[in-house]
């Protein structure tokens, strides 16, 4: 583990305005940018001089403005089954839906989606997917025995991980997605560092099985548990020969990260993905986030996938829409930072300009007079189908 401990961000003695300015000033040492009010000038890490207003312009955004056709990105595209969770579909229906959408990949991210975990059944699903030109990636949930998220449904943490690895092998999945837990684990005894250490032990206990089966463990940055650099520490401590990352762009913003900054750190370790857009804006206590369909939020996806192609060109793009609700990050309250003792100003400095450009949005609600469950099902289908269309038509993502 990295023994260096950057100084905590002290918000107790700073007003909101001073705290924002202090965070943004960290950019000067990171990219050579200087700030004057809402305007900035500076030199990017590539040496290109740039100017702008209201936030940073990311590398790669200005390209092909006079050509309505996006440049083709030779990446596999698929969806994460959690995007259509209200449908209650099991694996066979998920495969048929992927075939209907003409995706290249299907991410079944929980074991409950399988009607059986016996090898013959799983191998039949593998054949069914292959007949439709689909690759399958598979996942499960917490393997950290001390996480607030961990459940003993599949036995001990080691038994759970071993089972998941075998299931992945039977399905032909090269990866098994797992999670540590969620943001609540940062407040547990020992904090997130203790939970990372416990997760590393479980991974190491299954190293031989992972290597023998040819299935790598993809740990997700999940629900506010870890920032990218913390997940990198976990991967390096466990062993990057068999452990990597599942990149979740939506969860990145829950840890006040610019998804592009998150990708820059996790891209070299990426094994699979669960991506969604996010609308981000300033609010009374800090910053509020609403996950959205792709193209409906605040994220510059052209810049994101310019970097994605370079860092992880063989990793499939799985869309996991979880849209419609608002979550506030109370950044301006001193108590918030108690669970972030090693928070880095440069992460906040890249995140805040995105929020400054955003506008508040109401949470989704079912139309008056409609059945809520049916409205949720139709809403989720709309969100994933529009997202896949955006990826193909606006971003050029197709193999």
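Just so it is clear, none of the values below were taken in a lab; they were calculated from the coordinates. On a predicted model such as this, the values are computed, not experimentally measured, just so you know. Cβ coordinates were reconstructed from backbone atoms using ideal geometry, including for glycine residues, and neighbour counts include every protein chain displayed.
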Among 260-267, 357-364, how do they line up from the highest to the lowest mean number of other beta-carbon atoms within 10 Å?
260-267, 357-364
Please compute, for the alpha-carbon atoms of the range 235-324, the extent along each of the three principal axes and give them in descending order in Å.
44, 26, 20
Rounded to the nearest whole number, the Stokes-Einstein translational diffusion coefficient of the range 288-359 at 20 °C and 1.002 mPa s (Kirkwood radius, C-alpha pairs) in µm²/s is 144 µm²/s
The distance between the Cα centres of the range 369-386 and the range 231-270, in whole Å, is 31 Å
Between residue 71 and residue 381, 0.36 nm times their residue separation minus their Cα-Cα distance comes to what?
108.9 nm
Does the range 257-399 classify as rounded, prolate or oblate by the C-alpha gyration tensor (a ≥ b ≥ c root eigenvalues; a/c under 1.5 gives rounded; else a/b over b/c gives prolate, otherwise oblate)?
oblate
Given a Förster distance of 45 Å, the FRET efficiency implied by the Cβ-Cβ spacing of residue 130 and residue 188, rounded to the nearest 0.05, works out to 0.60
When DSSP beta bridges are limited to those with both residues in the range 243-354, what percentage is antiparallel, rounded to the nearest 5?
70 percent
Give the Kirkwood hydrodynamic radius (Å, one decimal) of the range 146-256, defined as one over the mean of 1/r across all pairs of different Cα atoms.
14.0 Å
Overall form of the range 99-182 per C-alpha gyration tensor (a/c, 1.5; a/b vs b/c):
prolate
